[in-house]
């Protein structure tokens with residue numbers, strides 16, 4: 001395996017240790033782009049050595065985006081993954097077809113491997129549906145949907161994802177309101193009022209949505225799917241709606257209060273990145289009114305006090321602290337300990353509580369690791385008893401003054417702590433070198449993947465998507481620009 005970390009530049013390390021704003025994309029090229037590409041290539045090279053692990057899809061996607069691959073090169077990369085002995089999944093097919101649609105066109109993309117385009121369309125997931133919609137704004141999508149009406153078996157299969165259009169606001173969530181307005185017009189013109197209404201309910205200005213409701217006031221099926229009772233209440237959780245700003249439907253005072261508090265929690269969670277601790281605690285703690293935490297979080301976002309895209313973990317920490325203040329430490333801990341987080345979130349993820357413990361510990365040690373103070377912090381009050389704080393401080397004392405890797409071999413958990421301490425110090429190259437020296441491939445690959453995606457957030461954020469923790473279960477939505485001739 002190539003030691004790509006030796007090619008990571010000093011400029012990249014310095015970029016991460018300065019303000020997050022300075023590490024954002026420049027008008028020419030993101031400073032961290034070479035490191036993202038190196039990490040992605042390393043992950044793909046490692047796939048055959050960890051055959052039972054589904055890795056490589058995000059790496060391939062980021063290579064396609066950062067290298068702006070033409071069709072032949074991108075499809076060859078997919079074929080390499082398909083033939084390399086690593087574990088396969090339908091995710092690779094979704095990546096391949098979405099990429100092919102963007103570079104070759106809808107018909108060619110759906111016809112890869114001599115498949116029936118309508119069969120492929122019927123089994124399509126969000127990346128493919130999105131690519132089809134973005135190709136022309138939505139008309140081709142509804143043309144194919146009409147074709148499915150004559151193939152009942154295929155239509156039944158398609159509805160598992162489509163659900164009468166309830167999923168469409170997700171795939172175009174990041175598009176402009178003008179795009180959404182035009183899409184709704186196309187949908188309605190093609191006899192599909194439900195997706196039209198659901199998309200209109202996501203506009204910042206709900207005037208067009210109000211007009212839609214008036215037009216379909218007597219259409220029970222449409223109002224049941226896209227009416228205000230669904231689009232502006234706790235039903236939002238079930239249909240994955242996104243941006244309505246208020247509860248407008250007439251409720252009793254008690255009903256309105258309950259719907260509003262759930263909506264505030266949901267809205268705040270939608271505005272978070274990667275980890276949805278707020279809803280985890282809401283559903284697992286039994287505490288029904290943590291809406292003050294949600295409103296504090298939204299206010300902090302609006303004031304610019306926290307910026308989740310720039311620093312997701314700072315946003316997680318804000319919510320964690322506010323939850324502890326609102327409902328108590330033990331209640332918060334008990335709820336977070338009930339839920340496991342995947343290593344695709346962070347290489348150190350375990351339970352949601354342990355994941356948050358690491359975030360708390362890193363935030364406390366950051367000033368010391370960056371030389372802003374020479375005094376080690378006391379154990380943070382928000383740490384659970386599960387964390388051995390003395391281990392973190394002893395590793396911090398060892399690592400901060402070193403100009404090279406530590407000589408001694410570290411235990412796996414100690415290595416991961418050391419990697420994070422080096423990361424917050426801005427020493428990306430040494431962090432990766434230490435991980436490569438100490439960890440087996442099945443653990444190392446998660447560090448590579450984690451760093452790749454964290455650096456991507458500070459560049460073009462191709463792996464990010466609004467509310468992906470809720471709407472996509474944390475998975476990456478492969479997003480390609482419509483570049484087909």
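Tell me what the chain gives for mean residue ellipticity at 222 nm when only DSSP H runs of n ≥ 4 count, each as -39,500 (n - 2.57), the sum divided by the residue total, rounded to 500 deg cm²/dmol.
-18000 deg cm²/dmol
Using only Cα atoms, tell me the angle between helix 126-136 and the longest principal axis of the chain; keep it within 0 to 90° and round to the nearest 10.
Orientation of helix 126-136: about 60 degrees from the principal axis.
How long is segment 322-425 along each principal axis, judged by its Cα atoms, biggest number first, in Å?
Rounded to whole Å, the extents work out to 43, 28, 19 Å.
From the alpha carbon gyration tensor of segment 146-227, can you work out the equivalent ellipsoid semi-axes (sqrt of 5 times each eigenvalue) and give them in Å, largest to smallest?
Semi-axes from the Cα gyration tensor: 22, 15, 11 Å.
Between segment 41-69 and segment 115-144, what is the C-alpha centre distance in whole Å?
That distance is 25 Å.
Taking 25 °C and 0.890 mPa s as the conditions, I'd like the Stokes-Einstein D for segment 253-336 in µm²/s, using the Kirkwood hydrodynamic radius from alpha carbon pairs.
192 µm²/s
Taking the Cα centre of each part, how many Å lie between segment 381-425 and segment 438-461?
About 18 Å separates the Cα centre of segment 381-425 from the one of segment 438-461.
For the chain, take the longest principal axis of its alpha carbons; what is the angle in degrees between that and the long axis of helix 253-270, to the nearest 10 within 0 to 90?
Taking Cα atoms only, the helix is inclined about 60 degrees.
Using alpha carbons only, what's the Rg to Rh ratio of the chain with Rh from Kirkwood?
Value, to two decimals: 0.98.
Taking the mean number of other Cβ atoms within 10 Å as a proxy for protection, how do you rank 293-300, 109-116, 364-371 from highest to lowest?
Result, highest mean first: 293-300, 364-371, 109-116.
May I ask for the angle, rounded to the nearest 10°, between helix 139-148 and the longest principal axis of the chain, with both axes built from Cα atoms and the value confined to 0 to 90°?
Computed tilt is about 70 degrees.
FYI, it's all coordinate maths here, none of it is from the lab. On a predicted model such as this, the values are computed, not experimentally measured, just so you know. Because the Cβ atoms are built from the backbone with ideal geometry, glycine has one as well, and the counts that use them run over all protein chains shown.
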